[in-house]
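Rule-based calculations on the coordinates, nothing more; no lab input. Remember, it's a predicted structure, so these values are computed and weren't measured experimentally. Methodologically, a virtual Cβ is constructed for each residue, glycine included, from the backbone with ideal geometry; neighbour enumeration extends over all protein chains shown.
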Amino acid sequence: MSRRTKLYEGKAKILYEGPEPGTLIQYFKDDATAFNAEKKGTIAGKGVINNRISEHVFTRLAHIGIPTHFIRRLNMREQLIRQVDIIPLEVVVRNVAAGSLCKRLGLEEGEPLPHTLIEYYYKDDALGDPLVAEEHIACFNWCSHEEMHDISSMAIRINDFLCGMFAAIDIRLIDFKLEFGRIYDGDYSRVILADEISPDGCRLWDMTTGEKLDKDRFRRDLGGEEEAYREVARRLGLLNGDDNSPGEVFDLSHHRSRLRPPPPIKK
Ligand code: TMP
Ligand code: ASP
């Protein structure tokens, strides 16, 4: 890793130069931050799990026609991705009231929303990623009208797909964050899904018990974050190589999960 040229280091990932032009290597760290990095820590094994979960989710999204930056996973902590020009927006999709939405509007956490909400936050650490309206996005030309249309329609399709994917493993998808980037083809550019989808940027609640299986365990000092991330991977069938990915064996079975096992799948 160290022999590679580091291009960017973020809070949870590092980007290295890729083997070919137009590619990058995305390295997943165990570092965790919250509240614009005011709170810092590590979640042991998180990078390995997030790399694997994100690979799984991006691969499945590609199967339903969502273009993504993911090319292939290289090893436990790295994946090869397409280099994109990142659009400076965090796109948050919400199905159920939680987190900052509750704080801002005085809602009760866990209240289902009348319909799915999409929010946009301007990616700027110095400003604390402020919530912005589509008018701001257009006014400051962070992306074009056509790109906004592509982003919002992809976000809705991704949400529909992920809600089903998680419901099948007894997990309720409360909300999640997406990032998009541009790739260029001559004079044209198009928007593709970038970054990652993992329990770092999603709220995932056990459908039966309501137990949190995501980074809120770290944000809110609930404990059990390692087990929660592993539980999500386990339910997705990604532990111990049981999704037919040879060579990828996370033998974490010696870590007994403190979380309740899911109910048996009814056929
Ligand atoms: P919020 O309720 O704190 O605004 O978060 C909404 C969703 O976005 C939640 O699933 C966590 C995710 N998220 C990130 O991935 N990165 C961030 O910096 C923040 C604030 C939220
Ligand atoms: N990415 C956020 C941070 O700035 C943390 C969060 O996900 O809440 O540290």
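Structure above, values below:
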read-out	value
Directionally averaged projected area (convex hull, Cα atoms, the chain), nm²	15.5 nm²
Packing rank of 217-224, 159-166, 67-74, where each peptide gets the mean count of other beta carbons within 10 Å, highest leading	67-74, 159-166, 217-224
Estimated vicinal HN-Hα couplings, Hz - segment 180-187 in sequence order (Karplus 6.51, -1.76, 1.60; Gly, Pro = x)	10, x, 9, 10, 10, 9, x, 7
Which of Lys103, Lys46 has the fewest Cβ neighbours within 10 Å, and the rest in rising order	Lys103, Lys46
Long-range amide H partners of Ala97 with built H, under 5 Å	Gly110, Glu111, Leu113
Segment Met207-Glu146, length gained on full extension (0.36 nm per residue, minus Cα span)	18.3 nm
Members of Lys46/Lys103; Lys123/Lys212; Lys46/Lys212; Lys29/Lys103; Lys6/Lys29 lying beyond 24 Å, as alpha-carbon distances in this model show	Lys46/Lys103; Lys123/Lys212; Lys29/Lys103
Built amide H within the under 5 Å cut-off of Arg203, gap 5+	Ile174, Asp175, Phe176
Cβ-defined net charge surrounding Pro112, 15 Å radius [Lys, Arg +1; Asp, Glu -1]	-1
Sorted by Cβ density within 10 Å, fewest first, the residues Cys143, Cys102, Cys202	Cys102, Cys143, Cys202
Spin-label model distance (nm) - Ile64 vs Glu38, 7 Å beyond Cα toward Cβ	3.6 nm
Estimated [θ] at 222 nm from DSSP helical runs (n ≥ 4, -39500 (n - 2.57)) normalised by residues in the chain, nearest 500	-8000 deg cm²/dmol
Percent RCO, i.e. relative contact order, over the chain, from Cα pairs under 8 Å lying at least 6 residues apart	15 percent
Additional length obtainable on full extension of the chain from Thr116 to Ala167, 0.36 nm per residue less Cα span	16.7 nm
Segment 101-116 - phi-based ³J(HN,Hα) in whole Hz, Karplus 6.51/-1.76/1.60, Gly and Pro as x	5, 5, 4, 5, 10, x, 8, 7, 5, x, 6, x, 7, x, 8, 4
Translational diffusion of segment 14-69, µm² s⁻¹ [Kirkwood Rh, Cα pairs; Stokes-Einstein; 10 °C; 1.306 mPa s]	120 µm²/s
